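> For reference, the structure I am asking about is given below.
Only the coordinates and a few stated rules stand behind these numbers; no lab work does. Just so it is clear, the structure is predicted and the values come from calculations on it, not from any experiment. Every residue, glycine as well, gets a Cβ built from its backbone with ideal geometry; the counts of neighbours run over all protein chains shown.
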């Protein structure tokens with residue numbers, strides 16, 4: 001792994017994690033979970049969004065409804081993304097002609113772009129649920145954008161956001 005990719009990986013993983021943990025550590029009475037007896041940190045997207053954005057119960061319900069609907073609507077995109085990734089992998093593995101590999105790369109890039117667009121549109125719908133005060137926290141907004149990548153491409157949107165399936 002190169003120095004640059006290591007630095008990028010650290011930034012992608014540690015910055016969002018520190019944004020989530022810092023408020024919990026700063027609270028009186030201990031931190032966020034573990035043997036200290038505090039509240040355990042959430043491990044799924046809805047739990048993380050609820051904690052980071054301090055969603056009310058009504059907002060949490062609205063966010064879940066939006067993301068359930070967007071996930072269902074993204075099924076054709078998920079199918080096309082899997083097919084294009086497979087086609088690219090087979091073209092590379094079978095050492096096809098450069099033009100065929102380039103065509104497979106282009107189709108995969110198109111599907112990845114379509115999925116990113118669907119995820120961005122879903123995030124916009126989620127952000128509409130928030131109050132002005134919640135949207136004012138720019139650090140959390142940047143983190144939410146980062147965390148939303150991959151949420152509609154995975155087996156279920158409410159999984160742990162620890163990987164990017166495309």
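> Report the Cα-based extents of the stretch 56-156 along its three principal axes, largest first, to the nearest Å.
So the extents along the principal axes, rounded to whole Å, are 54, 26, 15.
> Most exposed first by the Cβ proxy, i.e. fewest other Cβ within 10 Å, how do 119, 110 rank?
110, 119
> Can I ask one more? Would you order 83, 60 from fewest to most other beta-carbon atoms within 10 Å of each residue's own beta-carbon?
Sorted ascending by nearby Cβ count, the order is 83, 60.
> With a 10 Å Cβ neighbour count serving as the proxy for reagent exposure, in which order, fewest first, do 100, 58, 70 appear? Write out the running numbers ahead of the final one.
Values: 100 15, 58 9, 70 19.
Final ranking by Cβ density, sparse to dense: 58, 100, 70.
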